[in-house]
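Trainee: Structure below; questions to follow.
The values are calculated or read from the model by the stated rules, or taken from the named source; none is laboratory data. Everything numeric here is computed off the predicted structure, so don't read it as measured data. Here Cβ is always computed from backbone atoms with ideal geometry, including for glycine, and neighbour counts include all displayed protein chains. Accessible surface areas use protein heavy atoms only, side chains included; no ligands, DNA or RNA. Shrake-Rupley method; radii C 1.70, N 1.55, O 1.52, S 1.80 Å.
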Amino acid sequence: MLETAYYPSPFGVFEIKGSKHGIQSVQLKPDLKDPGVPAPPALADCVRQLSEYFSRQRDTFDLKLDLSDGSAFFQSVWAELLKVPYGHTTTYSALAAKIGDLKAVRAVGMANKHNPIAIIVPCHRCIAKSGELQGYFYGLDMKRKLLELENPMSFAEQGSLF
């Protein structure tokens, strides 16, 4: 049986779904207000770890994930994303190479787009080969802010000197 919890992040409320088998989804719900309901025991650790992540007190997640709803290909991409360290990025083409199909760059992008577990499966760490930010289902502004949170020296926006 799936349970639901909510985490009010700096970007809005994330809805978390999962069970004793693991976290199945973490999705931003921009129009949702935090209902202020305590997280069920199976999801409380996820809420705590997200809070630590957003307050820069956690750089790795230690949660059981249930990615069984994705295709075998999507699951292979998500497994590679989980290996991208905090504060680092990879490219769509590098992920395609790691899963053994250099021609699968667009398919890797689709797997990122359909990632059900935002933040924890860090598809925001995947960028274009050129170094530019590309394709994030919550927008490039949020992608930049997540990368800046993880690595302020590399991803902070430049301010004006004059």
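Trainee: Modelling each spin label as a point 7 Å along the Cα-to-Cβ direction, I'd like the Lys129/Lys98 distance in nm, to one decimal.
Mentor: Once both label points are built, they end up 1.7 nm from each other.
Trainee: Next question, about the same structure. I'd like the Kirkwood hydrodynamic radius of the chain, using the inverse of the mean 1/r over distinct C-alpha pairs, in Å.
Mentor: Numbers: mean 1/r = 0.0609 Å⁻¹.
16.4 Å is the Kirkwood radius here.
Trainee: Which FRET efficiency value, to the nearest 0.05, do you get for Met153 and Ser51 by plugging their Cβ-Cβ distance into 1/(1 + (r/R0)^6) with R0 = 35 Å? The partial results should precede the final answer.
Mentor: Values: r = 24 Å, r/R0 = 0.68.
With R0 = 35 Å, the Cβ-Cβ based efficiency is 0.90.
Trainee: Determine the per residue accessible area of the chain with all protein chains present and a 1.4 angstrom probe, expressed in square angstrom.
Mentor: That works out to 56 Å² for each residue.
Trainee: Something else about it: I need the per residue convex hull volume for the range 1-53, using only the alpha carbons, in cubic angstrom as a whole number.
Mentor: Spelled out: Cα convex hull of the range 1-53, divided by residues, is 73 Å³.
Trainee: Can you give the accessible area of Lys83, probe radius 1.4 Å, in Å² rounded to 10?
Mentor: Using a 1.4 Å probe on the heavy atoms, I get roughly 140 Å².
Trainee: FRET efficiency for Asp59 and Lys113, Cβ-Cβ distance as r, R0 = 41 Å, nearest 0.05? Mind showing how you got there, number by number?
Mentor: Details: r = 25 Å, r/R0 = 0.60.
It comes out at approximately 0.95.
Trainee: Using alpha-carbon pairs under 8 Å, 6+ residues apart, how would you state the relative contact order of the range 61-162 in percent? Can you show the working numbers first?
Mentor: Values: 95 pairs, mean separation 25.9, N = 102.
Dividing the mean separation by the residue count of the range 61-162 yields 25 percent.
Trainee: Expressed as a whole percentage, what fraction of the accessible surface of the chain belongs to carbon and sulfur atoms when a 1.4 Å probe is rolled over the protein heavy atoms? Numbers along the way, then the final one.
Mentor: Details: 4820 of 9100 Å².
Ligands and nucleic acids excluded, carbon and sulfur reach 53 percent.
Trainee: Apply the Karplus curve 6.51 cos²θ - 1.76 cosθ + 1.60, θ = phi - 60°, to the phi angles in the range 108-125 and return the couplings in whole Hz, x for Gly and Pro.
Mentor: Each residue of the range 108-125 in turn: 4, x, 5, 4, 4, 4, 9, 4, x, 10, 4, 6, 5, 8, x, 5, 5, 8 Hz.
Trainee: May I pose another question? Would you calculate, for the chain, the mean residue ellipticity at 222 nm contributed by helices, counting each DSSP H stretch of 4 or more residues as -39,500 (n - 2.57) and dividing by all residues, to the nearest 500? All intermediate terms of the calculation are to be shown ahead of the outcome.
Mentor: Numbers: 6 runs with 55 residues, N = 162.
The helix contribution divided over the chain gives -9500 deg cm²/dmol.
Trainee: Follow-up question, since we're still on this one. Could you give the dipole magnitude of the chain about its Cα centre, charging the beta-carbon of Lys and Arg +1 and that of Asp and Glu -1, in debye to the nearest 20? Walk me through the intermediate numbers first.
Mentor: Numbers: 18 positive and 17 negative charges, 61 e Å.
Dipole magnitude for the chain comes out near 300 debye.
Trainee: Quick check: from the Cα gyration tensor, does the range 35-103 come out rounded (a/c under 1.5), prolate or oblate?
Mentor: Values: a/c = 3.48, a/b = 1.73, b/c = 2.01.
Verdict is oblate for the range 35-103.
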